[in-house]
Amino acid sequence: MTLTRFAPSPTGLLHAGNLRTALMNWLLARRDGGGFLLRLDDTDAARSEARFADAIRADLRWLGLGWDREAAQSDRLDRYALAADRLRAAGRLYPAWDTPEELEFRRRVQRSRGLPPVYDRAALKLDEAGRAALGAEGRRPHWRFLLAPEAVEWVDGVLGPQRVDPASLSDPVLIREDGTVLYTLASVVDDAELGVTDVVRGADHVTNTAVQIQLFGALGAAAPRFAHHSLLTGPGGAGLSKRDGAASLAEMRAEGIEPQALVSLLARLGSSRDVALTTLAEEAAGFDLAAFGAAPVAFDPEQLRRLSAQAVRATDFAGAAPRLAALGIEGPKAAAFWEAVRPNLDRVSDAAGWWALIHDPQPADAGEDADFVAQAMALLPPRPWGPETWGAWTGAVKAATGRKGRALYMPLRRALTGRDHGPDMAALMPLLEKP
C-alpha cells in the first residue's frame, strides 16, 4: 500500500512552498487509496515549539488535508541511536573532530586549487593517539557517514533518471557534537521503519536523496520511490520570499483566502494542466507526478486572490452559512441576501458590510441630481418590494424623465444604498429596510 508523508519542522509557520509538498504527497496517497503520514521533524529541541506544531495541524485541517497517522521524531530518539550503533559497527559512521574554522580553511584551499570543496576525510587518517590528543583538548566529535564510491542512480518521479557521483559530496554529518541527530539519519530511519513507500519533496533535496539512498542500503532497508518537484519562486523569478508571496497559511487565512482556491492553485502549478477551481477529490483522481516539470515556477499571490474570489462566488448558501453566522448574518433574509451579494464579493467577510447596509442604508448626497432623485423617489413603489420592483421603478422614472443608462441607474442606486457600485439592485432592493 502506498504511504506518503509530510515532514515539517515545527520551528515556524507553513507557507505556500511547504503546502505544495504536503499537498502532492496527500494527493498521491489518496489517488492510490493509501495512507498519509504527518511526521513532525522536531529533533531541534531549541527551535521546535508546540505552538508551531499546533499551527501546522490547524493549517492542514483548514485545507482538508487529513492524515492517517502522526509521528514525532522526538519520540523516536532511541531508534536513531540504535541505527547509529549499527552504522558504527559496520564501519560506516566515524567520529570527526574538525572545527568549523578548520573546515572552512580547507575549503578555501580546495577552491583556490580548483578542487571541489568536499570533506577530505582527515578524521579517518588519525591514529588512536591523535584522537586521544584531540579529546584531551576538550573537543567532542561529530559523526559522519562514510559514503561508498559507487554512483547512486534512481528514476525520479518528476525529474526522470538521476545519477549522483559521491566523489562530488562530503561525507554528511549525521550526529552533531552535542548528540543531536540530524535530518538525514532520522528521516531515513523513520521512512524505513514506518513503511513510507513514496517521498515527494522539493528539487533542493536531490543531492540529499543520493546520500539517503546509500544510507538506506547501509541499514539494510529498501529505499522508497523519490520524486522532486520544482521550487516556487516569486512572480519576478527570484526565490520565494515573504515580500512576494511566502506569507504563512495563517496569514492567508486571516486575509480571507479560500482554502479551495489555495489547494486548486498549488495542485496544478508547474504542471501541464491549466489552473482551475476544483475539489480535492477531483485533483486526487487525476493526480500524475509525470505532469509536473522541473523548471522553477512562479507563485503569484494575485492569481491566488482571483481564484479565491471565484471560489467565494461559487459557494452556495449552505456552504457559506456557518461563516456567515459567525459574522452575524443569519435569519430569514440570510439566504436571499447571500444570493444577492456573493457575485460581488472577493471574500466572505466582505458580506458583513452589505449586511449592515441593508439594515441601515446611508443614501449619498444627490448633488446636482437632487431634483431628479426627488422626482424619482416620488415614483418609488410602496413596499413590499420584490425582484421586479427595481425594473418597474427605473422604467417609470425613465419614462417620466427621459434619462437612461448610467445617468438613470447610478443616481438611483446611490439614493438607495449610498454606493456607486454593488450587487444587482433587482436582488438587493427587496432586502433593504429603508427608506
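Side notes on the structure shown:
- Here the condition is being part of a strand (DSSP E or B) and farther than 15 Å from residue 9 by Cβ; of 199, 188, 206, it holds for 199 alone.
- Members of the range 44-66 found to be buried (at least 21 other Cβ atoms within 10 Å of the Cβ) and either under 21 Å from residue 288 (Cα atoms) or over 18 Å from the mean Cα position of the chain (by Cα) (or both), listed by number: 63, 65
- Of all residues making up the range 327-340, the number that are of a type in the set (Gly, Ala, Ser), touching a Leu at 6+ places or on another chain (Cβ under 8 Å) and either surrounded by fewer than 14 Cβ atoms within 10 Å (Cβ to Cβ) or without any contact (Cβ under 8 Å) to a residue 24 or more places away in the chain (or both): 1
- Helices (runs of 4 or more DSSP H) enclosed by the range 1-113 - at least 3 residues per element that are modelled with pLDDT of 95 or more: 16-31, 50-63, 77-89
- Filtered residues of the range 156-184 (kept if in a loop (DSSP other than H, G, I, E, B) and among the hydroxyl-bearing types (Ser, Thr, Tyr)): 170, 180
- Taking (1) closer than 24 Å to residue 17 by Cβ; (2) modelled with pLDDT of 95 or more in turn, residue 299 satisfies each apart from (2).
- Being over 18 Å from residue 63 (Cβ atoms), crowded, with 16+ Cβ neighbours inside 10 Å, in contact (Cβ under 8 Å) with a residue 12 or more places away in the chain and not assigned by TED's automatic domain parsing to the domain that holds residue 385 holds for only one residue in 324, 304, 265, and it is 324.
- Positions within the range 333-350 being in contact with a Lys or Arg (Cβ under 7 Å, 6 or more places away or on another chain) and part of a helix (DSSP H, G or I), in sequence order: 342, 343, 348
- Scan of the range 351-379 for residues that are outside any helix (DSSP H, G or I), in contact (Cβ under 8 Å) with a residue 24 or more places away in the chain and over 30 Å from residue 312 (Cα atoms), ordered by number: 366
- Meets criteria (in contact (Cβ under 8 Å) with a residue 12 or more places away in the chain, touching an Asp or Glu at 6+ places or on another chain (Cβ under 9 Å) and aromatic (Phe, Trp, Tyr)) for residue 6: no
- Candidate set from the range 368-405 (those that are surrounded by 11 or more Cβ atoms within 10 Å (Cβ to Cβ), of a type outside the set (Lys, Arg) and more than 26 Å from residue 336 (Cβ to Cβ)); member that is modelled with the lowest pLDDT: 369
- In the set (1) closer than 30 Å to residue 194 by Cα; (2) out of contact with any helix residue (DSSP H, G or I) (no Cβ under 9 Å at 6 or more places or on another chain); (3) not polar (S, T, N, Q), the condition left unmet by residue 251 is number (1).
- The number of residues in the range 118-144 being closer than 20 Å to residue 178 by Cβ, surrounded by 13 or more Cβ atoms within 10 Å (Cβ to Cβ) and not small (Gly, Ala, Ser) comes to 8.
The values are calculated or read from the model by the stated rules, or taken from the named source; none is laboratory data. Note that the structure is predicted; figures quoted are calculated from it, not measured. Virtual Cβ from ideal backbone geometry, glycine too; neighbours counted across all protein chains shown.
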